[in-house]
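In what follows, a structure is listed as structure tokens, so that the remarks can point back to it.
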Amino acid sequence: MKFLLMSLITHQPDPVTGERISTAARLQEVVESAVLAEQLGYDGFAVGERHEHPFLSSSPPVVLSAIAARTGTLQLWTAVTTLSLLDPVRAFEDYSTLDNLSGGRLQLIIGKGNGTAQAELFHVTPDDQWDRNREGYELFRQLWESEDVTWEGAFRPSLAHAVALPRPLQRRIRIWHGSATSKESVDLAARYGDPIFSANVTYPIDSYAELVRHYRERWTHYGHDPADALVGAGTAGFYVTPNSQDALDVWRPIHAARLDFARRAGLPVVFETVEDFVERSSALIGSPQQVIDKVQRYHEQFGHEVIHLSADRVGTDKQHRESLELFQAEVAPALRETIPSRPLAARTEEEDA
């Protein structure tokens, strides 16, 4: 199994101290988290894309480029790239540049995005977001794989023998399709033979497992070998300590702050208590053995090979680092041994030569 740290770069007061650091400090904190992830042996680091309060993640390729400059082997992921909002040509230019700067370490998870900001800032609505996502994906893929693209669609000007530069380092990039509840996303992934990454955050496992099963059914329907289907999944929270009660105690104010934010924002509240959240959500909070057991239970439903864990600090800096270290010392080796995973990096033109 492969393990990513992931941040949506939330910018809120600390739930315990009330301190709120500056925007510049918060962005630098994310870069330092990625550097630490590489030092501790995590496989990758993912940056989300959101365009509304309380997130600072509106420009993943810029943040990932800063991370690329400070790391050497860490896989660089988006989680997700909202192609329904972006001009696919401009998105290609940004990510192809990042692919070259990072030495071919880029992995993309794409999705339509969510939230009211996309309608307000980009004039993308629920009526056209799926068509925009599909069209953006198809053009982005063509631009990545071909130096001569002639194309016509509904949402941007047509192209005639277009050459988009710079050409990427990876000859064919792996594009994951992120999805929370949408059959449209997983059907698009299955049609093109791409992997999916289940959000797996807001609700208990049942709806996400159903979507993964649907993906595998559609994968077979489109004529692909069932053994080639590839699945990743998110987690709703992450904090591991030698004693499970210590993990609950540290997480309790974080859960309270999340509930308060959800209610103020009109978001669904599914898990009222921290105990229910730890028991029924995908959160990996507790002792090493509890975390191992939960990942294995989810794997029985998903068959996933990659998971992402929150990179954001929990507790003090010391507590946060100790949790990351304990996961790599006791949890990751056990899961890597019992849950095999395929290599994630694509091949570059130089390696194929």
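Some points to look at:
- Charge dipole (the chain, unit charges on Cβ, about Cα centre) - positive-most of Gln296, Ala199, Gly237: Gly237
- Counting only Cβ charges, +1 for Lys and Arg and -1 for Asp and Glu, the dipole size of the stretch 152-306 around its Cα centre is about 680 debye.
- In this Cβ point-charge picture (+1 for Lys and Arg, -1 for Asp and Glu), the chain has a dipole of about 140 debye about its Cα centre.
- The chain - percent of accessible surface contributed by carbon and sulfur, probe 1.4 Å: 51 percent
- The chain - accessible surface per residue (Å², probe 1.4 Å): 45 Å²
- Cα long-axis angle, helix 244-265 against the chain (0 to 90 degrees, to the nearest 10): 60 degrees
- Helical contribution to [θ] at 222 nm, DSSP H n ≥ 4, -39,500 (n - 2.57), averaged over the chain, rounded to 500: -14000 deg cm²/dmol
- Between Glu337, Glu325, Glu93, the GNM of the chain built on Cα springs shorter than 10 angstrom shows Glu337 fluctuating the most.
- The relative contact order of the stretch 188-254, computed from alpha carbon pairs under 8 Å that lie at least 6 residues apart in sequence, is 39 percent.
- Between 0 and 90 degrees, the angle of helix 129-145 with respect to the longest Cα principal axis of the chain falls at about 70 degrees.
- Identified option (computed Cα extents along the principal axes in Å; candidates (1) 61, 42, 39; (2) 76, 43, 38; (3) 81, 54, 41): (1)
- Fraction of beta bridges assigned by DSSP in the chain that are antiparallel (%, nearest 5): 10 percent
- Loop-resident GluC sites (Glu not before Pro) (DSSP state other than H, G, I, E or B) in the stretch 251-313 with no more than 12 further Cβ atoms inside 10 Å of their Cβ: Glu272.
- Taking every C-alpha pair closer than 8 Å and separated by at least 6 residues, the mean separation divided by the residue count of the chain gives a relative contact order of 18 percent.
- Projecting label points 7 angstrom from Cα along Cα→Cβ for Thr125 and Phe155 puts them 1.4 nm apart.
- Note on Ser59 and Ala25: the model spin-label points, each 7 Å out from Cα along the C-beta direction, lie 2.2 nm apart.
- Build a GNM of the chain with springs between Cα atoms under 10 Å apart, and of Ala37, Ala265, Ala199 the one that fluctuates most is Ala265.
The values are calculated or read from the model by the stated rules, or taken from the named source; none is laboratory data. As the structure is a prediction and not an experimental result, all values here were calculated from the model. Here the Cβ is made from the backbone with ideal geometry for all residues, glycine too, and neighbour counts use every protein chain on show. Note: areas computed on protein heavy atoms with side chains; ligands, DNA, RNA excluded. Shrake-Rupley method; radii C 1.70, N 1.55, O 1.52, S 1.80 Å.
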